[in-house]
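Structure first, commentary second.
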Amino acid sequence: MKKCFTLMWTMLLVGLLGLCAGCKDSPTKVVEKWQAAVGKGDNSEATKYVSGAEASMVTELLITFVKDEDLKKSKDISDFKAAKPGNEKINGDSATVDFDGSTLQLKKIDGNWKITGSKNK
């Protein structure tokens, strides 16, 4: 009986570890990672979380603002860094996340969520 119980727990733990290994970041987590990278001015990290010309251009523009000596202390930049993503909605391979007065659009690409655009509220 003890062997059966031990075997059952071992199989359960291996199964759970296998499931967690396949876990990907949620759309909200992707927005948080993108926000952190942009806030640090790290273009190579920030672009890992975007796809498409619009999202790439906006990311590069934001990083330019964050790095600019006059602008990086502005209220807009500090508001961006302090904003909290929320109201995540997933519909198949598409999602939206509210962030800093806009709704970011995300698509699941090769199993990973990527920011593809935004809509102003």
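The numbers here are math on the coordinates, done by the rules we state, and not lab data. What you see is a predicted model; the values in this text were computed from it and never measured. Neighbour counts are summed over all protein chains in view; Cβ atoms, including those assigned to glycine, are modelled from backbone coordinates with ideal geometry.
Computed extension gain for Lys29 through Lys84, at 0.36 nm per residue and net of the alpha carbon distance, reaches 18.7 nm.
Between Asp76 and Lys108, the simple label model (points 7 Å from Cα in the Cβ direction) yields a spacing of 3.5 nm.
Tally Lys and Arg at +1 and Asp and Glu at -1 over the other residues with C-beta under 11 Å from the C-beta of Gly52: what net charge comes out?
Numbers: positive: Lys107, Lys114; negative: Glu54.
Result for the local shell: +1.
Rounded to two decimals, the Cα radius of gyration of segment 25-120 over 2.2 N^0.38 Å is 1.01.
Packing here is the average count of other Cβ atoms within 10 Å per residue, and on that basis the peptides 53-65, 74-86, 37-49, highest first, run 37-49, 53-65, 74-86. Net charge in the neighbourhood of Leu106 (other residues with Cβ under 14 Å of its Cβ; Lys, Arg +1, Asp, Glu -1) is +2.
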